[in-house]
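Quick notes on the structure that follows.
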Amino acid sequence: MHKDIATPVRTKEILDKYGFSFKKSLGQNFLIDTNILNRIVDHAELTDHSGAIEIGPGIGALTEQLAKRAEKVVAFEIDQRLLPILEDTLSPYPNVKVIHSDVLKADVQAVMKQEFNEQEDVMVVANLPYYVTTPILMKLLEERLPIRGIVCMLQKEVGDRISAKPGTKEYGSLSIAVQYYTKAETVMIVPKTVFMPQPNVDSAVIRLTLHDEPPVKVKDEDFFFRVTRSSFAQRRKTILNNLTSQLPDGKQKKESIQAALQQAGVEESRRGET
Ligand code: SAM
């Protein structure tokens, strides 16, 4: 039996063998703690019939644990230098497919169709590159992929905003955007010491479970998200002031905006987060 990838000793061995140097610009902070990885994977509640999609496998630390529990794993990795390494480290796991691609440019829907024939239950599980956390999450949600949910590591501060409840200072347009598609929970706070190299910020794991039905019925999603983003444009301003200054022709349409707020039972002096 080989040792798990996610230990300090094995990770160093692999990095040395390939002369790999971390690229900060790609958010490369690898996990070196099998315990933490197992707890992350627990939160995904995979069965041996599940499919798993990973973003950024690195040298395969999380991929390996996913491969042990899911029926099939598909991982998107942007850094070409990691491909031969992954081929080596993941050779004991024939149920893993690594795709060399920037996930933001990939046609994930098409890949899912091609790779997951047998798996109806698919989860995204990832230790995300922190420089693109939000674009990746929003892409996965907006494309309405046929997934059950997402379990991912990210900056604690972003996790706090995503899972925030109305009325708190963290609550904002990102909370609304993510919670429109999913039930969002922070399930773990993770110390810096489990990464190599250690990141500068604190980390957390969130779990997003897709709603069957969105919590509010929306006729025009683009307009809905424009309104929610506008409501928080300047946090100290009232909702009325934010909407009139941010929406197109808002100033001329102040009276209609006031009427709409009144009709919705929202006092115009309130702030977006309430
Ligand atoms: N999963 C590994 C682990 O937990 O040890 C590595 C996680 S590391 C935080 C992020 C990984 O995402 C790196 O391997 C990096 O090269 C990759 N990555 C960065 N940007 C990416 C993108 N746009 N598409 C796909 N992978 C990306």
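Coordinate-derived values only; no laboratory data. Fair warning: this is a prediction, and the values are worked out from it, not measured in the lab. Glycine also receives a Cβ, built like all others from the backbone with ideal geometry; neighbour counts cover every protein chain displayed.
Between Lys165 and Asp48, what is 0.36 nm times their sequence separation minus the Cα-Cα distance? Round to one decimal in nm.
Stretched fully, the Lys165-Asp48 segment lengthens by 38.7 nm.
What residues have an amide H closer than 5 Å to that of Lys97, excluding those fewer than 5 places away on the same chain, when H is modeled at 1.01 Å from N in the peptide plane?
Close amide H contacts, sequence-distant or interchain: Val73, Val74, Ala75.
For the stretch 69-80, in order, what is each residue's ³J(HN,Hα) by Karplus, 6.51 cos²θ - 1.76 cosθ + 1.60 with θ = phi - 60°, in whole Hz (x at glycine and Pro)?
Per residue, the Karplus-derived 3J(HN,Hα) values read 10, 9, 6, 8, 10, 10, 10, 9, 10, 7, 8, 3 Hz.
Quick check on packing: order 246-254, 163-171, 120-128 by the mean number of other C-beta atoms within 10 Å, highest mean leading.
120-128, 163-171, 246-254
Based on DSSP, what percent of beta bridges with both residues in the chain are antiparallel, to the nearest 5?
Roughly 50 percent of the DSSP beta bridges within the chain come out antiparallel.
For the stretch 221-263, take N as its residue count and report Rg(C-alpha) divided by 2.2 N^0.38 Å.
1.04
Between Glu143 and Thr7, what is 0.36 nm times their sequence separation minus the Cα-Cα distance? Round to one decimal in nm.
45.4 nm
Picking from Ala44, Val158, Val103, whose Cα lies most toward the positive end of the charge dipole for the chain (charges on Cβ: Lys, Arg +1; Asp, Glu -1)?
Final value for the positive-end residue is Val158.
Let me spell out the model: positive unit charges on the Cβ of Lys and Arg, negative unit charges on the Cβ of Asp and Glu, origin at the Cα centre of the stretch 221-263. What dipole size does that give, in debye rounded to 20?
Once rounded to the nearest 20, the dipole reads 280 debye.
Taking the chain as a Gaussian network, where each spring joins two C-alpha atoms under 10 Å apart, which residue of Glu115, Glu221, Glu142 fluctuates the most?
Glu221
To the nearest 20 Debye, how big is the dipole of the stretch 8-210 about its Cα centre, given +1 on the beta carbon of each Lys and Arg and -1 on that of each Asp and Glu?
Here the stretch 8-210 has a charge dipole of around 500 debye.
Which one of Ala70, Leu86, Phe225 has its Cα pushed farthest toward the positive end of the charge dipole of the chain, where Lys and Arg give +1 and Asp and Glu give -1 at the Cβ?
Phe225
Can you compute the charge dipole magnitude of the stretch 138-203 about its Cα centre, using +1 on each Lys and Arg Cβ and -1 on each Asp and Glu Cβ, nothing else charged? Give it in debye, rounded to the nearest 20.
100
How high is the FRET efficiency between Lys192 and Arg81 when r is their beta carbon distance and R₀ equals 25 Å, given to the nearest 0.05?
After rounding, the FRET efficiency stands at 0.55.
Once you have the Cα-Cα distance between Gln252 and Gln109, take 0.36 nm times their residue separation minus that, and quote the gain in nm to one decimal.
Answer, rounded to one decimal: 47.3 nm.
Against the 2.2 N^0.38 Å scaling, with N counting residues, where does the chain land? I'd like the Cα-based Rg ratio to two decimal places. Working shown, then result.
Details: Rg = 21.0 Å, N = 274, 2.2 N^0.38 = 18.6 Å.
In units of the globular-protein estimate, the chain measures up at 1.13.
Relative to 2.2 N^0.38 Å, what does the C-alpha radius of gyration of the stretch 161-274 come to as a ratio? Two decimals please.
In units of the globular-protein estimate, the stretch 161-274 measures up at 1.29.
Let me see the pair-distance distribution of the stretch 1-134: every alpha carbon pair, 5 Å bin width, integer percents in order.
Result, from short to long distances: 2, 10, 22, 24, 23, 13, 5, 1 percent.
State the answer as a single residue: which of Leu145, Leu174, Asn127 lies farthest towards the positive end of the charge dipole of the stretch 85-194, with beta carbon charges of +1 for Lys and Arg and -1 for Asp and Glu, about the Cα centre.
Leu174
List the residues whose amide H sits under 5 Å from the amide H of Phe30, counting only those 5 or more places along or on another chain, with H placed 1.01 Å from N in the peptide plane.
Those lying under 5 Å, H to H, from Phe30 are Met196.
So which lysines pass the test for Lys68, namely a Cα distance under 20 Å, with those fewer than 8 places away in the same chain ruled out?
Hits, sequence-local ones excluded: Lys3, Lys97.
Less than 29 Å apart at the alpha-carbon level, and either on another chain or at least 8 residues along: which lysines does that give for Lys165?
Lys139, Lys156, Lys183, Lys192, Lys217, Lys219, Lys237, Lys254
If you average 1/r over every pair of different alpha-carbon atoms in the stretch 116-164 and take one over that average, what Kirkwood value in Å do you get? Let's see the in-between values first.
Details: mean 1/r = 0.0845 Å⁻¹.
It is 11.8 Å.
In a Gaussian network model over the chain where Cα atoms closer than 10 Å are linked, find which of Ile150, Ile206, Ile36 has the largest mean-square fluctuation.
Between Ile150, Ile206, Ile36, it is Ile36 that shows the largest mean-square fluctuation.
Take the Cβ-Cβ distance between Phe225 and Phe22 as r, set R0 to 35 Å, and report the resulting FRET efficiency rounded to the nearest 0.05.
My answer for the efficiency is 0.50.
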